[in-house]
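The values are calculated or read from the model by the stated rules, or taken from the named source; none is laboratory data. Here the structure is a predicted model, which means the values were calculated and not measured. So basically every Cβ, Gly included, is an ideal-geometry build from the backbone, and we count neighbours across all protein chains shown. These accessible areas exclude ligands, DNA and RNA; they are computed on the full protein's heavy atoms, side chains included. Shrake-Rupley method; radii C 1.70, N 1.55, O 1.52, S 1.80 Å.
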2 protein chains.
Amino acid sequence: MHLTPEQAAQFREQGWLPELFGPEEVALLKRQAVAIYAQHRPEVWREKNGAPRTAFAAHLYNEAFRLLGAHPRMIRPVEQIFAEPVYMHQFKINAKAAFTGEVWQWHQDYGTWKRDDGMPEPRAMNIAVFLDEVMPINGPLLLVPKSHEAGDLKASHDVQTTSYPLWTLDNDTVSRLVADGGIVAATGKPGGMLMFHGNLVHGSAGNITPYPRTIVYLTLNAVSNHIRTPTRPEFIAHRDFSPIMPVADDALLREARRMPAAAE
Amino acid sequence: MHLTPEQAAQFREQGWLPELFGPEEVALLKRQAVAIYAQHRPEVWREKNGAPRTAFAAHLYNEAFRLLGAHPRMIRPVEQIFAEPVYMHQFKINAKAAFTGEVWQWHQDYGTWKRDDGMPEPRAMNIAVFLDEVMPINGPLLLVPKSHEAGDLKASHDVQTTSYPLWTLDNDTVSRLVADGGIVAATGKPGGMLMFHGNLVHGSAGNITPYPRTIVYLTLNAVSNHIRTPTRPEFIAHRDFSPIMPVADDALLREARRMPAAAE
């Protein structure tokens, strides 16, 4: 899997790219995500009311997510864009649970990677993989197109709004960028995939609907851009900088067929 | 203005109806709403962070909203549906302010009118008039079609989630109704208007965008169905049960032309 010139141009101009996984792969990942959220372990963060918010580092303790984290449909395009091998900087499964999923404030991911982890440049890529249908009504990722060109914006450390500390942008900055680029709600079917730049401004509203909105996020960092001064736990900002060796394109599908729902 | 047979059938089957105001009328109302939110008076309720949440009873102290509250485009269809004169049970301007507007939990309005105000039957109609563009991303009203036939559902008095106490439905009830009817996001241009049944289940998520989402809500109650045992302040649940005499269809437009933006 390599990017076409049109795909590469879309990423440069807009800051993100769409792609797709199949229904068997998605069904396996969704079942595994539900099982992981039921576990009580430090990698699973909860909302203030106890519902799961995000589970970190599942690629290190779950076979299906290990295969997803080394999938060529994600690794190859990012290698292509950065023109070098990549490693996993962060891996998380965001729940945005039905009825209770809370807001993610407006932010650039690179703001946190730089300030908290000492990442030299915004040469890490976010990839979102939808495990549920992401609709306008269940708290979709909201992207501000073209904001990836705004550089590293001034940010404040918000430790109050949700259970998860985040470097967030002020309203004037967001208003200015939205006046220029608008807002795109990244909706799509289960299996949908979305790559976006580490400086792309994004956020998401709460989910009050009965529809859960599970999204896996991989952050693939160029190996030469490895983090220098990490302050967060290793399961949030990984210290293993060895290049990811992609699995076969059908590895996740074979795992799904090996592990049908009834057998788990 | 009277309902066509098709419109009457849509209301019976789906629980709501669309209509429209013009740009001059909307511009006047929006300017007046902003001015009202800037006032500190008991009718103006604020979010926990101080942003305006809702302003009650503006039809009693603002000329533009007085004309809106007696507008034949709303009064006549509701008289037609209830087959009798109507009075104003509640009048509010909900802000859902940019960046800060909070959730309205899932509820039926009649649940509150019955429990808090002693309204005998669900023979009062909600009418929403959009003063801003209501988009999928800025906290639109979410309606559960066909839920108006579910009767008066069990509800709990939620005094914690937001600054405004509300009789809210539990998640199992909402899930069951949504499995049957789905969810419709009531989006539309400024001036859009939407009538919905007092038992129609609805809610709305928070607004994290720079786009405000101001909606005026009129609650028109059949005069014979007037409230019997009010417990809330008079500016929230009115005690004047005299029938509304509609103004002329162009009264609000004439007021808008009399009060252009620069002259206010």
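Do the conditions hold for residue A:71, that is, is it more than 14 Å from chain B (Cβ to nearest Cβ), out of contact with any Gly (no Cβ under 6 Å at 6 or more places or on another chain), open to solvent by less than 20 Å² (accessible area, probe 1.4 Å) and within 22 Å of residue A:193 (Cα to Cα)?
On the way: more than 14 Å from chain B (Cβ to nearest Cβ): yes; out of contact with any Gly (no Cβ under 6 Å at 6 or more places or on another chain): yes; open to solvent by less than 20 Å² (accessible area, probe 1.4 Å): yes; within 22 Å of residue A:193 (Cα to Cα): yes.
Taking the combined requirement at face value, the residue satisfies it.
Among the residues of region B:188-209, how many are open to solvent by 10 Å² or more (accessible area, probe 1.4 Å) and facing chain A (nearest Cβ under 10 Å)?
Selection size over region B:188-209: 3.
Sort out which residues of region A:214-227 are assigned to a loop (DSSP other than H, G, I, E, B), out of contact with any Phe, Trp or Tyr (no Cβ under 6 Å at 6 or more places or on another chain) and either open to solvent by 40 Å² or more (accessible area, probe 1.4 Å) or more than 20 Å from residue A:110 (Cβ to Cβ) (or both), and write them in order of number. Lay out the reasoning, then the answer.
Taking region A:214-227 as the starting set, the residues that turn out to be assigned to a loop (DSSP other than H, G, I, E, B) are A:214, A:226-227.
If we keep only those that are out of contact with any Phe, Trp or Tyr (no Cβ under 6 Å at 6 or more places or on another chain) as well, we get A:214, A:227.
Answer for region A:214-227, where residues must be assigned to a loop (DSSP other than H, G, I, E, B), out of contact with any Phe, Trp or Tyr (no Cβ under 6 Å at 6 or more places or on another chain) and either open to solvent by 40 Å² or more (accessible area, probe 1.4 Å) or more than 20 Å from residue A:110 (Cβ to Cβ) (or both): just A:214.
Evaluate region A:238-246: report whether one residue or more is within 14 Å of another protein chain (Cβ to nearest Cβ) and either surrounded by 15 or more Cβ atoms within 10 Å (Cβ to Cβ) or at negative phi (or both).
No, because not a single residue in region A:238-246 is within 14 Å of another protein chain (Cβ to nearest Cβ) and either surrounded by 15 or more Cβ atoms within 10 Å (Cβ to Cβ) or at negative phi (or both).
Within the group B:171, B:126, which residue is out of contact with any helix residue (DSSP H, G or I) (no Cβ under 7 Å at 6 or more places or on another chain) and polar (S, T, N, Q)?
Details: B:126 fails: out of contact with any helix residue (DSSP H, G or I) (no Cβ under 7 Å at 6 or more places or on another chain).
The conditions single out B:171.
Yes or no, residue by residue, for (1) open to solvent by 10 Å² or more (accessible area, probe 1.4 Å); (2) within 14 Å of another protein chain (Cβ to nearest Cβ); (3) hydrophobic (A, V, I, L, M, F, W, C):
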site	(1), (2), (3)
A:66	yes, no, no
A:76	yes, no, no
A:95	no, no, yes
A:100	yes, yes, no
A:104	yes, yes, yes
A:111	no, no, no
A:116	yes, no, no
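If you take the residues of region A:169-187 that are surrounded by fewer than 21 Cβ atoms within 10 Å (Cβ to Cβ) and under 20 Å from the mean Cα position of the chain (by Cα), which of them is nearest to the other protein chains (Cβ to nearest Cβ)?
So the residue we want is A:185.
Take region A:132-156 and flag every residue that is touching a helix residue (DSSP H, G or I) at 6+ places or on another chain (Cβ under 8 Å) and either farther than 19 Å from residue A:212 by Cα or within 13 Å of chain B (Cβ to nearest Cβ) (or both). Walk me through how you get there before you give the answer.
Quick first cut of region A:132-156, residues touching a helix residue (DSSP H, G or I) at 6+ places or on another chain (Cβ under 8 Å) only: A:132, A:144-147, A:150, A:152-155.
A:144, A:145, A:146, A:147, A:150, A:152, A:153, A:154, A:155, listed by residue number.
Just to verify a result, which residue in region A:152-163, among those that are assigned to a loop (DSSP other than H, G, I, E, B) and more than 20 Å from residue B:48 (Cβ to Cβ), is most open to solvent (accessible area, probe 1.4 Å)? Working first, answer last.
Of the residues in region A:152-163, the ones assigned to a loop (DSSP other than H, G, I, E, B) are A:152-155, A:159-163.
With the extra rule that they be more than 20 Å from residue B:48 (Cβ to Cβ), the set shrinks to A:152-155.
On the way: A:152: 57, A:153: 20, A:154: 147, A:155: 22 Å².
Once the filter is applied, the top-ranked residue is A:154.
For region A:210-236, give me each residue that is in contact with a Leu (Cβ under 7 Å, 6 or more places away or on another chain) and either of a type in the set (Ser, Thr, Tyr) or within 14 Å of chain B (Cβ to nearest Cβ) (or both).
A:214
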